[in-house]
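Here the structure is laid out as structure tokens; the discussion comes afterwards.
Just so you know, all these numbers are worked out from the coordinates, no wet-lab data involved. Only a predicted model underlies this, so the values are computations on that prediction, with no experimental measurement involved. Positions of Cβ are backbone-derived with ideal geometry, glycine not excepted, and every protein chain shown enters the neighbour counts.
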């Protein structure tokens, strides 16, 4: 039988992708495939992970189970869950989606497709990056030992460098590949920005908390919209941006095959930084845009952000951990992020920011309660496989909505 995504992403898996994303024999994987991968990879834990990881057991609904037991910088696989300190129960379909990284542990938790029978979900979340190293052969980005980013000549890269469209595409592309983001100044003029602001304001006026296309937060007891998706459906001007030669040239920095995902994955969306936010996902902590899953499907995903307002510390600005797109790792705490050269991107209206979705980034709140905040319009460009596996109107972030109110939940709000 040809498998489907479980839950929110109901996408057909083509015969070409059946072998890659199809059903996996649970016992064969743990008795033969995974031990072989562990022998080939050897070290998969960072020093910090090796100190805190404890035996993790996966148990299927039919009772079959295996435990991953840490042994130095790697782990062994033991039948059953007697040795497990944390036990996670999932269906076979959910486990397969997790192994293929169609769904992360966070997506399974939001969708109520896993149950922590003992121990803590935090252990599973801490395990996941290391499992991606052995499941998907990804590199590990070591949060605890930051490395300098050097160009092809061995010179340290100026992480604050900005560009214009007059600069050579090869220079911008090389910077993007090394660092994971690019800041391009003065792409759109004042008249264009004012027109886009007007369209975003119109969409904000029509948004409602239960429309499942917008995100909301509370400010002083008031419901305030902090994100609107699929703006291209209601604005011909925004929809046309995906064919604008300037935007297409920028998107090509991530690869010539990338296409505007205007009809899926939240479409063309606007993010609004809201001063005084009191909950929800208005102010995003460190994350990757493939954090709910789908990394092998939609990455390299390139986010092109058209800045409608100035981005400063007082209005809230995008922050990046350079080079983090080149590997997988746990989500850093604020203290862990400080070990790195975090780049806060200061922009003017009309500037464009570009970042890979896999680059660790954050969007802290405005630090001035009287500031107006800022607005940014995002277009997302993804590879052809995304269009084969994610249908129109579907997206990995759909799992963030509660079933009752249509509101977006923060992980801290989940029981």
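Things worth noting here:
- Cα coordinate range in region 147-236, projected on the principal axes (Å, largest first): 53, 33, 23
- Nitroxide proxy distance, nm - points 7 Å out along Cα→Cβ at residue 173 and residue 191: 3.3 nm
- Length gained on full extension, residue 125 to residue 142: 4.5 nm, using 0.36 nm per residue less the C-alpha separation.
- Mean separation of Cα contacts under 8 Å, 6 or more apart, over the residue count of the chain: relative contact order %: 19 percent
- Every pair of different Cα atoms in region 17-163 enters the Kirkwood calculation, which places the hydrodynamic radius at 16.7 Å.
- Its alpha carbons considered, region 255-355 gives a radius of gyration followed by a Dmax of 14.6, 41 Å.
- Counting DSSP beta bridges with both ends in the chain, the antiparallel % (nearest 5): 90 percent
- For region 192-343, a/c is not less than 1.5, where a ≥ b ≥ c are the root eigenvalues of the C-alpha gyration tensor, and a/b does not top b/c. That puts it in the oblate class.
- Residues 170, 162, sorted so that the one with the fewest Cβ neighbours within 10 Å comes first: 170, 162
- Extension gain (nm, one decimal) between residue 211 and residue 52, 0.36 nm per residue minus Cα-Cα: 53.1 nm
- Estimated distance in nm for a label pair at residue 222 and residue 159, the labels positioned 7 Å out from Cα along Cα-to-Cβ: 3.7 nm
- Between residue 344 and residue 37, the modelled label-to-label distance comes to 4.0 nm, taking each label 7 Å out from Cα in the direction of the beta carbon.
- Rounded to 5, percent antiparallel among DSSP beta bridges of region 15-136: 75 percent
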